[in-house]
Amino acid sequence: HNTMKILIVDDSRTGRKVLSKTLARFHHETFEASQGLEGLDILAQHKIDLILSDWTMCEMDGQEFLNEVRKNPEYNHISFMMVSTESTQERIDMIINEGADAYLTKPYSTSQLMEKLRELDVII
């Protein structure tokens, strides 16, 4: 079983805990950050395989965080899934064009989350 290190960035503590619990059931190691700047600190300290990031956050939102990750050669290989209540096709296309590998619309079911993770080759 291939354990991954997964960074969850969301300003909702509850949102982070739900994702952490789900991913822990499949033996993945999770790290949590409440916004993008904290996420960048964690990236500097750990070899992260996948980022699940909320879009709407204070200080540094998901889009700014995605841009920071994609412009850094040390991080730009990391799979990135944006998770957001923003569900217009326009928004989704924009984020995919900016370098996200997947987009999950909130609220989501566990099966929708798992389907997206499988698309990113996460073993669940």
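The values are calculated or read from the model by the stated rules, or taken from the named source; none is laboratory data. Remember, predicted model here, so these are calculated numbers, not experimental data. Virtual Cβ from ideal backbone geometry, glycine too; neighbours counted across all protein chains shown. For the accessible areas, the whole protein counts, side chains as well, though only heavy atoms, and no ligand, DNA or RNA atoms are used. Shrake-Rupley method; radii C 1.70, N 1.55, O 1.52, S 1.80 Å.
Structure notes:
To keep it simple, each residue is scored yes or no on (1) surrounded by fewer than 16 Cβ atoms within 10 Å (Cβ to Cβ); (2) more than 20 Å from residue 95 (Cβ to Cβ); (3) of a type outside the set (Lys, Arg); (4) out of contact with any Gly (no Cβ under 9 Å at 6 or more places or on another chain).
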{"site": "12", "(1), (2), (3), (4)": "yes, no, yes, yes"}
{"site": "15", "(1), (2), (3), (4)": "no, no, yes, yes"}
{"site": "45", "(1), (2), (3), (4)": "yes, yes, yes, yes"}
{"site": "62", "(1), (2), (3), (4)": "no, no, yes, no"}
{"site": "75", "(1), (2), (3), (4)": "no, no, yes, yes"}
{"site": "78", "(1), (2), (3), (4)": "no, no, yes, yes"}
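- So residue 62, is it in contact with a Lys or Arg (Cβ under 9 Å, 6 or more places away or on another chain) and within 16 Å of residue 40 (Cβ to Cβ): no
- Qualifying residue in region 115-122 (condition: open to solvent by 50 Å² or more (accessible area, probe 1.4 Å), under 13 Å from the mean Cα position of the chain (by Cα) and not β-branched (Val, Ile, Thr)): yes
- Scan of region 17-43 for residues that are open to solvent by less than 20 Å² (accessible area, probe 1.4 Å) and either β-branched (Val, Ile, Thr) or closer than 20 Å to residue 107 by Cα (or both), ordered by number: 19, 20, 22, 23, 33
- Within region 48-99, tally of residues that are among the hydroxyl-bearing types (Ser, Thr, Tyr) and over 18 Å from residue 112 (Cα atoms): 2
- Residue, surrounded by the fewest Cβ atoms within 10 Å (Cβ to Cβ), within region 1-10, restricted to residues that are over 21 Å from residue 108 (Cβ atoms) and not β-branched (Val, Ile, Thr): 1
- Cross-chain or 6+ apart pairs with Cβ under 7 Å, region 1-23 first and in contact (Cβ under 8 Å) with a residue 40 or more places away in the chain and acidic (Asp, Glu), then in a strand (DSSP E or B) and open to solvent by less than 80 Å² (accessible area, probe 1.4 Å): 10/54; 11/54
- Residues satisfying the stated conditions in region 47-59, i.e. over 20 Å from residue 122 (Cα atoms) and buried (at least 16 other Cβ atoms within 10 Å of the Cβ): 55, 57
- Matching residues in region 18-41 - criterion: being of a type in the set (A, V, I, L, M, F, W, C), closer than 22 Å to residue 59 by Cα and over 11 Å from the mean Cα position of the chain (by Cα): 37, 40
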